[in-house]
Amino acid sequence: MVVRPVGVVEPLPLVVVRTGHTAVRQGEPCPDLWSIESGVFAARMVNAEGRSFLMDLYGPGDPVGGPSELPASVTATALRPARLRPLRGEDALDALNALAARIATLTADLAWFGVTERIERRLCDLASRIGHPASGGTLIPIRLTQDDLASMVGATRETTNRALQTLFARGVLERQGRGRYVVRSQLRLVTAAPQLRRAGGLAL
């Protein structure tokens with residue numbers, strides 16, 4: 001018989017999600033609330049007309065899922081092989097609170113900033129959370145179409161295209177291949193709340 005020290009709590013088992021598989025599906029009960037240990041998820045929402053919108057990207061340290069059996073507000077699909085660790089107790093509560101703070105910040109951006117500023121802030125945010133160091137900046141390793149960016153900032157594709165051209169001209173962004181961006185801006189954002197990093201991380 002194995003005797004374990006008093007007070008030692010074993011970590012819950014990891015859940016592995018392969019590329020293209022979903023952790024939660026919009027409108028269906030959430031099986032659990034997890035912290036992403038590795039991998040990237042696309043969080044998409046389908047509106048009443050059946051149109052799909054990219055709402056956010058989640059990476060290591062972010063939460064995905066929700067309280068058990070509550071309907072998911074988005075569909076979270078793995079863009080990279082992912083490992084998830086279940087959140088319990090205070091960690092789960094911290095993750096939910098941090099998520100609420102992030103949503104509030106993103107909503108405020110929609111109200112306070114123009115399209116160019118919103119795109120810059122979202123791309124800087126993604127670079128800080130899931131980016132990789134690259135020559136002269138930080139590469140966002142996921143391909144983002146202009147439709148994706150437009151849905152993330154609440155704009156039309158045409159307005160998004162004009163805003164991107166402005167950011168390229170300012171030297172804030174550089175395109176590296178189709179739909180991949182290197183962020184050069186040093187703008188410090190608050191969309192990734194410190195509590196979310198400490199908690200380990202829920203989906204919108």
Report summary line: Note, the stretch 152-164: 3J(HN,Hα) by Karplus (6.51, -1.76, 1.60, θ = phi - 60°), whole Hz, Gly/Pro = x, goes 6, 10, x, 9, 7, 5, 5, 5, 4, 4, 5, 5, 4
Report task. Please report, as a whole percent, how much of the solvent-accessible surface of the stretch 38-77 comes from carbon and sulfur atoms (probe radius 1.4 Å). Result -> 62 percent
Requested in this report: State, as an integer percentage, the relative contact order of the stretch 19-96 based on alpha-carbon contacts under 8 Å between residues 6 or more apart.
Outcome: 45 percent
Query raised in the report: Based on the mean of other beta carbon atoms within 10 Å per residue, what is the order of 92-99, 116-123, most packed first?
Result: 116-123, 92-99
**Report entry** Average accessible surface area per residue within the stretch 57-172, 1.4 Å rolling probe, Å²
**Finding:** 44 Å²
Query raised in the report: What is the set of long-range amide H partners of MET55 at a cut-off below 5 Å, with H atoms built 1.01 Å from backbone N?
Result: ALA43, ARG44, MET45
**Report entry** At R0 = 22 Å, FRET efficiency that the Cβ-Cβ distance of ARG157 and ARG80 yields, to 0.05
**Finding:** 0.25
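The values are calculated or read from the model by the stated rules, or taken from the named source; none is laboratory data. Please read all numbers here as calculations on a predicted model, not as lab measurements. Every residue, glycine as well, gets a Cβ built from its backbone with ideal geometry; the counts of neighbours run over all protein chains shown. Note: accessible area is taken over every heavy atom of the protein model, side chains too, but ligands, DNA and RNA are not part of it. Shrake-Rupley method; radii C 1.70, N 1.55, O 1.52, S 1.80 Å.
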